[in-house]
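A.B. asks: I am attaching a structure below and will ask some questions about it afterwards.
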Amino acid sequence: EVQLLESGGGLVQPGGSLRLSCAASGFTFSSYAMSWVRQAPGKGLEWVSAISGSGGSTYYADSVKGRFTISRDNSKNTLYLQMNSLRAEDTAVYYCAKDRRYCSGGSCRALNLDYFDYWGQGTLVTVSS
Amino acid sequence: EIVLTQSPDFQSVTPKEKVTITCRASQSIGSSLHWYQQKPDQSPKLLIKYASQSISGVPSRFSGSGSGTDFTLTINSLEAEDAATYYCHQSSSLPQTFGQGTKVEIK
């Protein structure tokens, strides 16, 4: 059974930093790209960032580029999101989501995204003084 | 960036009624359009992939259609458990984007 468990959310002051984690199980983690998607309170879904299966390719939404860094440790089956210079508008539930497209070997270096077949339960980040 | 515009934003529907939600893309995305259902305090759940392909375990009353820029999610014979917000999502190009959501309420 595929499971994605986010952690690391909490209250942080504007300008502060936070690192989110997403522990994955039930599938070959390194064979799938992963994404972070966020949802501000009462708002819709916003795709934030993605990383290829090998970790060699990443992509960011303009709203977080230069402030957030996505990474993964395939030996620990864990996805991360380092969030720096946080703003009030970053307040949201952050979901990690598994891409459905399987990769192997060299194809895991590229970022070929598809739909999300599994989502975590989310972790709330609140940016406020 | 490809913008997805859903309509309507909100719909109040009687059980057994048919629901139609549309999603329009700002440029052609082929069939790289997917639909998710999100119930209150839950994570999104995949409903339809590639515009019209069904997902195992999803009730057959949910169906999708369309290609290019215009897409439709249909819920035939709405049930009380279908009260949720529905989102379209495109994977044609980066950045991936979502529609703003359509909230379906049961009368």
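A.B. asks: Can you name every residue in region B:66-92 that is over 17 Å from B:E105 (Cα atoms) and surrounded by 15 or more Cβ atoms within 10 Å (Cβ to Cβ)? Before you say what the answer is, go through the steps one by one.
C.D. replies: Step one: list which residues in region B:66-92 are over 17 Å from B:E105 (Cα atoms), which gives B:66-72, B:88-92.
Matches in region B:66-92: B:G66, B:S67, B:T69, B:F71, B:T72, B:C88, B:H89, B:Q90, B:S91, B:S92.
A.B. asks: Look at A:A61 and say whether it is within 13 Å of the chain's Cα centre (by Cα), aliphatic (A, V, I, L, M) and surrounded by fewer than 22 Cβ atoms within 10 Å (Cβ to Cβ).
C.D. replies: It is true that A:A61 is within 13 Å of the chain's Cα centre (by Cα), aliphatic (A, V, I, L, M) and surrounded by fewer than 22 Cβ atoms within 10 Å (Cβ to Cβ).
A.B. asks: Check whether at least one residue in region B:3-10 is under 11 Å from the mean Cα position of the chain (by Cα) and either aromatic (F, W, Y) or farther than 26 Å from A:A40 by Cα (or both), and report yes or no.
C.D. replies: No: zero hits.
A.B. asks: Something else about it: Restricting to region B:71-90, give me the number of residues that are of a type in the set (S, T, N, Q) and either touching a residue at least 60 places away in the same chain (Cβ under 8 Å) or out of contact with any Ser or Thr (no Cβ under 6 Å at 6 or more places or on another chain) (or both).
C.D. replies: Residues in region B:71-90 being of a type in the set (S, T, N, Q) and either touching a residue at least 60 places away in the same chain (Cβ under 8 Å) or out of contact with any Ser or Thr (no Cβ under 6 Å at 6 or more places or on another chain) (or both): 4 in total.
A.B. asks: Can you find a residue in region B:17-34 that is of a type in the set (A, V, I, L, M), touching a strand residue (DSSP E or B) at 6+ places or on another chain (Cβ under 7 Å) and not in a strand (DSSP E or B)? Explain how you work it out, then say what you get.
C.D. replies: Kept after step one, since they are of a type in the set (A, V, I, L, M), are these residues of region B:17-34: B:19, B:21, B:25, B:29, B:33.
Still in the list and also touching a strand residue (DSSP E or B) at 6+ places or on another chain (Cβ under 7 Å): B:19, B:21, B:25, B:29, B:33.
Then drop every residue that is not not in a strand (DSSP E or B), which leaves B:29.
Looking for residues that are of a type in the set (A, V, I, L, M), touching a strand residue (DSSP E or B) at 6+ places or on another chain (Cβ under 7 Å) and not in a strand (DSSP E or B), one finds at least one in region B:17-34, hence yes.
A.B. asks: For region A:91-129, name all the residues that are over 17 Å from the mean Cα position of the chain (by Cα) and either farther than 16 Å from A:S52 by Cβ or at pLDDT 95 or above (or both).
C.D. replies: Listed by number, the residues that qualify are A:V127, A:S128, A:S129.
A.B. asks: So, restricting to strands (runs of 3 or more DSSP E) that lie completely within region B:39-107, which ones have at least 2 residues that are at pLDDT 95 or above and more than 13 Å from chain A (Cβ to nearest Cβ)? Even if it seems obvious, please write down each step before you answer.
C.D. replies: Numbers: elements: B:45-49, B:62-67, B:70-75, B:84-90, B:102-106.
In region B:39-107, the matching strands (runs of 3 or more DSSP E) lie at B:62-67, B:70-75, B:102-106.
A.B. asks: Look at A:N84 and say whether it is touching a helix residue (DSSP H, G or I) at 6+ places or on another chain (Cβ under 8 Å) and either within 23 Å of B:H89 (Cα to Cα) or at pLDDT 95 or above (or both).
C.D. replies: Numbers: touching a helix residue (DSSP H, G or I) at 6+ places or on another chain (Cβ under 8 Å): no; either within 23 Å of B:H89 (Cα to Cα) or at pLDDT 95 or above (or both): yes.
Here the answer is no, as A:N84 does not meet what is asked.
A.B. asks: Check A:K98 against each of (1) closer than 19 Å to B:G99 by Cβ; (2) among the basic types (K, R); (3) buried (at least 22 other Cβ atoms within 10 Å of the Cβ) and name the one condition it does not meet.
C.D. replies: (1)
A.B. asks: Taking region A:22-58, which residues are surrounded by fewer than 17 Cβ atoms within 10 Å (Cβ to Cβ), under 12 Å from the mean Cα position of the chain (by Cα) and farther than 19 Å from B:E1 by Cβ?
C.D. replies: A:A23
The values are calculated or read from the model by the stated rules, or taken from the named source; none is laboratory data. Only a predicted model underlies this, so the values are computations on that prediction, with no experimental measurement involved. A quick note on method: Cβ atoms are made from the backbone with ideal geometry, for glycine too, and the neighbour counts reach across all protein chains shown.
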